[in-house]
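Take a look at the structure set out below.
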Amino acid sequence: MSGLSLKYEVPGDDFTRAGEASSDVKRKLKKLGYDPDAIRRVAIAMYEGEINMVIHAGGGQAFVTIEPERVDIVLEDHGPGIADVEKAMQAGYSTAPDQVRSLGFGAGMGLPNMKKYTDEMTIDTEVGKGTTLKMTVLVNHKS
Amino acid sequence: MTVQELKEQLSLSVLAGEEELDREITGCYAGDLLSWVMARAESGDVWLTVMGNINAIAVASLTDAACIVLTESAALDEDARNRANQQGIPVLTTEEDTYAMAVKISRLLPEAP
């Protein structure tokens, strides 16, 4: 079976619409009968990625490929890039502005959560150019 | 215990998601930082929080929480109410604070810490 490929535009600066892509992917996986744990991991990792793109990058695009054994998520933005990836990966480290914190974000858990919930994650980032984040969730493989 | 039973036992009011009150509750989590909650809340949890915005509804949906209980009468935004109804996430409210609620819920749940 060839994979199902999905593409989403993630709006910049609109917190009310952030999460639409991950919710849609969640619904599709549910309909396809995927394991609830895998669905949860995909949805959380992708939502964190979407929120990051809204907070930091002015939006971007999400590409999702659904296959029987794995779900691949690619998040691409043309934002400012991540200056210190190692720091950004530390739980609790955040550069989110205060107004974002008042919404309940900016806990510095975004990237750590994505790492926690996925089986593979790579960050390709360049300051001033943007960031491409690739994540894979293996189905029936608890991380 | 279902969300309906929780509502009755603790005299909570329902603000949204009325149709999903038969959902089974298996645990409880309290917190207001959304990413933190996303990392820790479990499927089937009652989620105690003061965050009543649209993103909180997304977090409840993504973590598959059984319901949200807004403590200290924290406000539920109109956007959030609509989204909760659309997605079938029960949102309940209480005047009590998060600690008091957590204590009471722990008495009701068979496997409470």
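The values are calculated or read from the model by the stated rules, or taken from the named source; none is laboratory data. Predicted model only: the values in this text are computed from it and were never measured. For neighbour counting, all protein chains shown are included, and Cβ atoms are generated from backbone atoms with ideal geometry for every residue, glycine included.
Within the range A:13-33, the set of residues being away from chain B (no Cβ under 13 Å) and either touching an Asp or Glu at 6+ places or on another chain (Cβ under 7 Å) or touching a residue at least 12 places away in the same chain (Cβ under 8 Å) (or both) comprises A:Asp13, A:Lys28, A:Leu32.
Every listed requirement among (1) touching a Lys or Arg at 6+ places or on another chain (Cβ under 7 Å); (2) in contact (Cβ under 8 Å) with a residue 40 or more places away in the chain is met by A:Tyr93 save one, (2). In the range B:78-95, the count of residues that are at pLDDT 95 or above, farther than 23 Å from A:Phe105 by Cβ and among the charged types (D, E, K, R) is one or more. Check the range A:71-81 and report whether any residue there is within 14 Å of chain B (Cβ to nearest Cβ) and either surrounded by fewer than 19 Cβ atoms within 10 Å (Cβ to Cβ) or on the phi > 0 side of the Ramachandran plot (or both). No, the range A:71-81 contains no residue that is within 14 Å of chain B (Cβ to nearest Cβ) and either surrounded by fewer than 19 Cβ atoms within 10 Å (Cβ to Cβ) or on the phi > 0 side of the Ramachandran plot (or both). The listed residues are A:Ile39, A:Ile44, and the only one of them that is within 13 Å of chain B (Cβ to nearest Cβ) and out of contact with any Ser or Thr (no Cβ under 8 Å at 6 or more places or on another chain) turns out to be A:Ile39.
Could you grab me the full set of residues in the range B:80-111 that are of a type outside the set (A, V, I, L, M, F, W, C), within 13 Å of chain A (Cβ to nearest Cβ) and either assigned to a loop (DSSP other than H, G, I, E, B) or loosely packed, with under 15 Cβ neighbours inside 10 Å (or both)? B:Asn82, B:Gln86, B:Gly88 - these are the residues of the range B:80-111 that are of a type outside the set (A, V, I, L, M, F, W, C), within 13 Å of chain A (Cβ to nearest Cβ) and either assigned to a loop (DSSP other than H, G, I, E, B) or loosely packed, with under 15 Cβ neighbours inside 10 Å (or both).
Any residue at all in the range B:102-110 that is basic (Lys, Arg) and farther than 19 Å from B:Glu20 by Cβ? Yes, because at least one residue in the range B:102-110 is basic (Lys, Arg) and farther than 19 Å from B:Glu20 by Cβ.
Let's see how each residue does on (1) within 14 Å of chain B (Cβ to nearest Cβ); (2) at pLDDT below 95; (3) buried (at least 17 other Cβ atoms within 10 Å of the Cβ):
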residue: A:Gln61; (1), (2), (3): no, no, no
residue: A:Gly104; (1), (2), (3): yes, yes, yes
residue: A:Met109; (1), (2), (3): yes, yes, yes
residue: A:Pro112; (1), (2), (3): yes, yes, yes
residue: A:Ile123; (1), (2), (3): no, no, yes
residue: A:Gly130; (1), (2), (3): no, no, yes
residue: A:Lys134; (1), (2), (3): no, no, no
residue: A:Val139; (1), (2), (3): no, yes, yes
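Does B:Ala75 satisfy the condition of being part of a helix (DSSP H, G or I), over 22 Å from A:Ala91 (Cβ atoms) and among the aliphatic types (A, V, I, L, M)? For B:Ala75, the condition - part of a helix (DSSP H, G or I), over 22 Å from A:Ala91 (Cβ atoms) and among the aliphatic types (A, V, I, L, M) - is not met. When the range A:82-101 is limited to residues that are among the β-branched types (Val, Ile, Thr) and buried (at least 17 other Cβ atoms within 10 Å of the Cβ), the one that is nearest to A:Thr125 (Cα to Cα) turns out to be A:Ile82. Give just the number: which of (1) modelled with pLDDT under 95; (2) at negative phi does B:Glu5 not satisfy? Single failed check for B:Glu5: (1).
Checking each residue in the range B:35-51 for being touching a helix residue (DSSP H, G or I) at 6+ places or on another chain (Cβ under 7 Å), closer than 20 Å to B:Gln4 by Cα and outside any strand (DSSP E or B) picks out only B:Ser43. Within the range B:64-78, restricting attention to residues that are over 15 Å from B:Ser13 (Cα atoms) and buried (at least 24 other Cβ atoms within 10 Å of the Cβ), the residue that is nearest to the other protein chains (Cβ to nearest Cβ) is B:Ala65. Please go through the range A:43-57 and pick out each residue that is closer than 12 Å to A:Gly12 by Cβ, of a type in the set (Gly, Ala, Ser) and out of contact with any strand residue (DSSP E or B) (no Cβ under 7 Å at 6 or more places or on another chain). If the condition is that a residue be closer than 12 Å to A:Gly12 by Cβ, of a type in the set (Gly, Ala, Ser) and out of contact with any strand residue (DSSP E or B) (no Cβ under 7 Å at 6 or more places or on another chain), then no residue fits.
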